[in-house]
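Read the structure below first, then the notes.
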Amino acid sequence: MQSPTLTAAQRAVVEHVTTFFDGRSVEVTGFDEGPIRERVPGFTEICVPLDELFVYVSCGVWDAVHIEEHGLEFCLIAPERGVRVGSPARLAALPLRPRL
């Protein structure tokens, strides 16, 4: 998959994660599976492999749901890579579900 084109907010999230995990590999990938692509256009996922864990961070939710300068992203820690990598996307879609 090609490297995603990031918005200013997404670049800020990537920069924050990169600074926080200084010296670690930070992988940014596009994500186009399931309803997240309709609810959060341009959604990407950040993965930071640690020694025995993987940190996944949503990237793009802020653009979809921010109010003024306040937004949100989600973080998920997994014991191994590939434990349904879409989980951060599912978490990110929750605040965007239509209210009943």
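The values are calculated or read from the model by the stated rules, or taken from the named source; none is laboratory data. All values reported here derive from a predicted model rather than from experimental measurement. A quick note on method: Cβ atoms are made from the backbone with ideal geometry, for glycine too, and the neighbour counts reach across all protein chains shown.
The figures follow:
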read-out	value
Residues located in the stretch 16-31, provided they are in a loop (DSSP other than H, G, I, E, B) and either within 12 Å of the chain's Cα centre (by Cα) or β-branched (Val, Ile, Thr) (or both)	26, 31
Test for residue 13: is it within 12 Å of the chain's Cα centre (by Cα), in a strand (DSSP E or B) and modelled with pLDDT of 90 or more	no
Qualifying residue in the stretch 43-57 (condition: surrounded by fewer than 16 Cβ atoms within 10 Å (Cβ to Cβ), modelled with pLDDT under 75 and not in a loop (DSSP other than H, G, I, E, B))	no
Which listed residue is in contact with a Pro (Cβ under 9 Å, 6 or more places away or on another chain), surrounded by 16 or more Cβ atoms within 10 Å (Cβ to Cβ), at positive phi and in contact (Cβ under 8 Å) with a residue 12 or more places away in the chain, from 30, 60	60
Members of the stretch 33-49 that are of a type in the set (Lys, Arg) and in contact (Cβ under 8 Å) with a residue 12 or more places away in the chain	39
Whichever residue in the stretch 33-42 is of a type outside the set (D, E, K, R) and surrounded by 16 or more Cβ atoms within 10 Å (Cβ to Cβ) and, among such residues, is farthest from residue 74 (Cα to Cα)	42
Residue count for the stretch 12-27, restricted to those that are buried (at least 16 other Cβ atoms within 10 Å of the Cβ) and in contact with a strand residue (DSSP E or B) (Cβ under 7 Å, 6 or more places away or on another chain)	5
The one condition in (1) in contact with a Ser or Thr (Cβ under 6 Å, 6 or more places away or on another chain); (2) within 16 Å of residue 82 (Cα to Cα); (3) not hydroxyl-bearing (Ser, Thr, Tyr) that residue 52 fails to fulfil	(1)
